[in-house]
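A.B. asks: Encoded as structure tokens, here's the structure I'll be asking about.
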Amino acid sequence: MDFTLRKEHEMARSLFKEFAEKEVKPLAQEVDETEIFPRGTVDKMAKNGFLGIPVPKEYGGQGCDPLTYVMCVEELSKVCGTTGVIVSAHTSLCCDPIQTYGTEEQKQKYLVPLAKGEKLGAFGLTEPGAGTDAQGQQTKAVLDGDEYVLNGSKIFITNGKEADVYIIFAITSVTTDAKGRSKKNISAFIVEKGTPGFTFGTKEKKMGIRGSSTYELIFTDCRIPKENLLGKEGKGFGIAMHTLDGGRIGIAAQALGIAEGALESTIAYVQERKQFGRPISAFQNTQFQLADMATKVEAAKMLVYKAAMAKANQKVYSLEAAMAKLYAAEVAMEVTTKAVQLHGGYGYTREYDVERMMRDAKITEIYEGTSEVQRMVISANIIK
Amino acid sequence: MKIVVCIKQVPDTKGGVKFNPDGTLDRAAMMTIMNPDDKAGLEAALRLKEKYGAEVTVLTMGLPKAEDVLREAIAMGADKGILVTDRVLGGADTWATSQTLAGAIRNLEYDLIITGRQAIDGDTAQVGPQISEHLNIPVISYAQKIEVEGDSVIVERQYDDRYHVLKAKMPCLITALAELNEPRYMTPGGIFDACKAEITVWGRADLKDVEDSNLGLKGSPTQIAKASDKVRKGAGEKVTLDASESVDYILGKLKEKHIV
């Protein structure tokens, strides 16, 4: 087993790092303070191919592997969690299902502009009554001639108002099994911004990733062409779950990046900050805290990269993705909390990045499956 | 159009500079980057390629690991990379370097050669103009803007307080300033292609019409007496005075330092 990165991955990391330092980091604090979506950064990322990293070249992408994409989200998230999740939601939750389940026409029409970054993608599964329990969906799609008529709403949608193309899940039928239990059959649809009947509700005011555009999507007699059904009718639940397996690797990368960013900031800070005539890095408590933080970050990195490799080489990677997401998210929360502690009072102020990083870290334990859901997935995979 | 861009892998001076006991740079011990002026020259070539259509070949002389800088250039959009590496070429000063690069370029077809103005590890600004001398082609140095018109280039040549607009027939050589443009980033897909790309590697035997006496340390007339990292200047002195007092103050300081 060789843990050495290939040349292309080393070069890609240096590219993402340089871009993050030059283009993203200077804006991170402002994006957080103002809660304004960093459109300029997204345009620059589009120009440089960051919005289609794992998509094949024939569909407008960069033709790289999932590990390269993971490193991109990681490096962006080191300096700005908001920017990391914009790329993750776009790539994992919108490009990926179209690439996996889309027809050739759908790929040409939607995946190509998404991968080129001409359009931004989003994904709508969560509803007020359907978070972890995806079967609790209320949004319905009824076929009427050549169109599906969509009614309902989706909440907490990342890239909400800024996206152009949305993957939306809705109930298309209800069937009863032999025991008389009813089952909602969900389907996936590609919905374009601007479709009549598709509007936006309230913007969420969040604790972290505050520049990310998180909105409610409302569908009122919204007519979707029949050809925008993604995959087969009634197979949407499987599409959602498989898509989220990939999405979790992206969020795991975001969590990893946030943890690394906090660790790097803290390593620099403890060597500058003096107390009792010595830099606080000279105290054993600081040293041991940092040793634990660094070790856990490294372990998280191994899990995240392993999950990325599993996505490249395996058909099913739910277990690897869930483990990576669970561990990286919990490490991000722990490391950012310790980072604030080691910064003392300064770490509690918004002048220091670790304050933002701690708020950004929390969401990684919640979205795209809470840590509890990841434990459900992991245990279901190991107890058979 | 065929463009050759000479690029150099230089130490990233942000990470500190390290020297060998003989005063030459310990290149193996330092992080490296593409020399900023050369990167601007490459960007200029890539923009000409986009505007007029061109094949861009990047050329470097250095240790085998200088291949990395060629791959970086290919990941930005260059078409081909050539590495000139040979033990007998080691220790070259600007004279031997320009002889080596000219010897390599004689094997190539070219309309335009672009080099950086100077490299941040030597700051001589000699290699580009020397190459043009060896190849007997015109040189326009300190380019801040480059346009192509028919078989000629029109270049703005920078001075401290003005610029000259010069026109030269191709083939010619241009030395580029870092201020010429904002170089593009590599793309992720470009990196993957660059890592698969074949890099042409040439040694001494591949250099055309160059004497051994002009190559490597032996062919280098320059001798380094002493080399050091840049020494940080001390903090300046700030004074607030009216105009006539200022004149007296400055004159006093100049006299004190025996400048006037």
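We did not get these values from a lab; they are worked out from the coordinates using the rules stated. The structure presented is a predicted model; accordingly, all values stated were derived computationally and were not measured. Cβ: placed from backbone, ideal geometry, glycine included. Neighbour counts: every protein chain shown.
A.B. asks: Given an 8 Å cut-off on Cα distances and at least 6 residues of separation, report the relative contact order of the stretch A:1-130 as a percent.
C.D. replies: Relative contact order, the stretch A:1-130: 27 percent.
A.B. asks: Sort the following peptides by mean Cβ neighbour count (other Cβ atoms within 10 Å, averaged over residues), highest first: B:191-201, A:60-70, B:143-153.
C.D. replies: Listed from highest to lowest mean packing, they are A:60-70, B:191-201, B:143-153.
A.B. asks: Students often forget the sequence filter, so: which lysines lie under 27 Å Cα-Cα from residue B:257 once same-chain residues fewer than 8 apart are removed?
C.D. replies: B:226, B:230, B:233, B:238
A.B. asks: For the stretch A:65-79, what does the Karplus curve 6.51 cos²θ - 1.76 cosθ + 1.60, with θ = phi - 60°, yield as ³J(HN,Hα) per residue in whole Hz, taken in order and with x for Gly and Pro?
C.D. replies: 9, x, 5, 5, 4, 4, 5, 5, 4, 4, 5, 5, 6, 4, 10
A.B. asks: I'd like the distance separating the alpha-carbon centroids of the stretch A:134-187 and the stretch A:352-378, in whole Å.
C.D. replies: Comparing the Cα centres of the stretch A:134-187 and the stretch A:352-378, I get a distance of 26 Å.
A.B. asks: Using a 10 Å cut-off around each Cβ of peptide A:1-11, what is the average number of partner chain Cβ atoms that fall inside?
C.D. replies: 3
A.B. asks: At what distance in angstrom do the alpha carbon centres of the stretch A:322-340 and the stretch B:75-137 lie from each other?
C.D. replies: Rounded to whole Å, the Cα centres lie 50 Å apart.
A.B. asks: In addition: Roughly how many nanometres apart are two label points built 7 Å out from the Cα toward the Cβ at residue A:274 and residue B:235?
C.D. replies: If labels sit at residue A:274 and residue B:235, their model points lie 1.5 nm apart.
A.B. asks: Let me ask another. Under the rule of at least 5 residues apart or a separate chain, name every residue whose amide H is placed under 5 Å from the amide H of residue B:142.
C.D. replies: Residues meeting the criterion, in which the H sits 1.01 Å from N, are B:175.
A.B. asks: Another question, then. Calculate for chain B the 222 nm mean residue ellipticity that helices alone would give, adding -39,500 (n - 2.57) per DSSP H run of length 4 or more and normalising by residue count, nearest 500 deg cm²/dmol.
C.D. replies: So the helix-based figure for chain B works out to -8500 deg cm²/dmol.
A.B. asks: Follow-up. Please enumerate, by chain and number, the aspartates and glutamates with C-alpha under 17 Å from the C-alpha of residue A:315, excluding those fewer than 8 residues away in the same chain.
C.D. replies: Of all the aspartates and glutamates, those that pass the test against residue A:315 - Cα under 17 Å, at least 8 places apart if same chain - are A:65, A:96, A:245.
A.B. asks: Further, regarding this structure: Going highest first, how would you order A:214-222, A:282-290, A:49-57 by mean Cβ packing within 10 Å?
C.D. replies: The densest-packed peptide leads the list: A:49-57, A:214-222, A:282-290.
A.B. asks: Of the cross-linked pairs A:161/A:362; A:17/B:145; A:179/A:226; A:17/A:119; A:78/A:325; A:154/A:226, which ones have a Cα-Cα span greater than 28 Å in the structure shown?
C.D. replies: Over 28 Å apart, Cα to Cα: A:17/B:145; A:179/A:226.
A.B. asks: Right, here's the next one. Amide H neighbours of residue B:215 under 5 Å, at least 5 residues apart or on other chains, H built in the peptide plane: list them.
C.D. replies: Those lying under 5 Å, H to H, from residue B:215: there are none.
A.B. asks: Once you average over the residues of B:179-191, how many Cβ atoms of partner chains fall within 10 Å of each Cβ?
C.D. replies: Numbers: counts 0, 0, 0, 0, 0, 2, 11, 8, 9, 20, 12, 6, 13.
Going residue by residue through B:179-191 and averaging, the value is 6.
A.B. asks: Check the straight Cα-Cα distances from residue A:183 and name the aspartates and glutamates below 19 Å, setting aside those fewer than 8 residues away within the same chain.
C.D. replies: In chain and number order, the partners are A:127, A:133, A:233.
A.B. asks: Can you give the helix-only mean residue ellipticity at 222 nm for chain A, where every DSSP H stretch with n ≥ 4 adds -39500 (n - 2.57) and the sum goes over all residues, rounded to the nearest 500 deg cm²/dmol? Each step should come with its number before you reach the end.
C.D. replies: Details: 12 runs with 182 residues, N = 384.
That calculation yields -15500 deg cm²/dmol at 222 nm.
A.B. asks: If you plug each phi of the stretch B:177-187 into the Karplus form 6.51 cos²θ - 1.76 cosθ + 1.60 with θ = phi - 60°, what whole-Hz ³J(HN,Hα) values come out, in order, with x for Gly and Pro?
C.D. replies: 9, 4, 6, 4, 6, 9, x, 6, 7, 5, 9
A.B. asks: Separate question: Which whole-number percent is the relative contact order of chain B (Cα, under 8 Å, 6+ apart)?
C.D. replies: Averaging sequence separation for qualifying contacts and normalising by length gives 25 percent for chain B.
A.B. asks: Quick one: which of B:234-243, A:103-112 comes out on top by average Cβ neighbours within 10 Å, and what's the full order, highest first?
C.D. replies: A:103-112, B:234-243
A.B. asks: Please state the relative contact order of chain A as a whole percent: Cα pairs under 8 Å, 6+ residues apart?
C.D. replies: 17
A.B. asks: Under the Karplus relation 6.51 cos²θ - 1.76 cosθ + 1.60, θ = phi - 60°, what is the ordered set of whole-Hz ³J(HN,Hα) values for the stretch B:234-251, x standing for Gly and Pro?
C.D. replies: Running phi through 6.51 cos²θ - 1.76 cosθ + 1.60 with θ = phi - 60° gives x, 5, x, 9, 10, 10, 10, 9, 7, 4, 5, 4, 4, 4, 4, 5, 5, 4 Hz.
A.B. asks: If you don't mind, there's one more thing I want to ask. When Cβ neighbours within 10 Å are restricted to other protein chains, what is their mean count per residue of peptide A:17-25?
C.D. replies: Mean partner shielding for this stretch: 1.
A.B. asks: Moving to a separate point now. Expressed in nm to one decimal, what extension gain is obtained for the pair residue A:22 and residue A:4 from 0.36 nm per residue of sequence separation less their Cα-Cα distance?
C.D. replies: Extra length from residue A:22 to residue A:4 when fully extended: 3.8 nm.
A.B. asks: Another one. List the residues, sorted by chain then number, that are 5 or more residues from residue B:152 or on another chain and whose placed amide H is less than 5 Å from its amide H.
C.D. replies: Under 5 Å from the amide H of residue B:152 lie the amide H atoms of B:170, each far enough along the sequence or on another chain.
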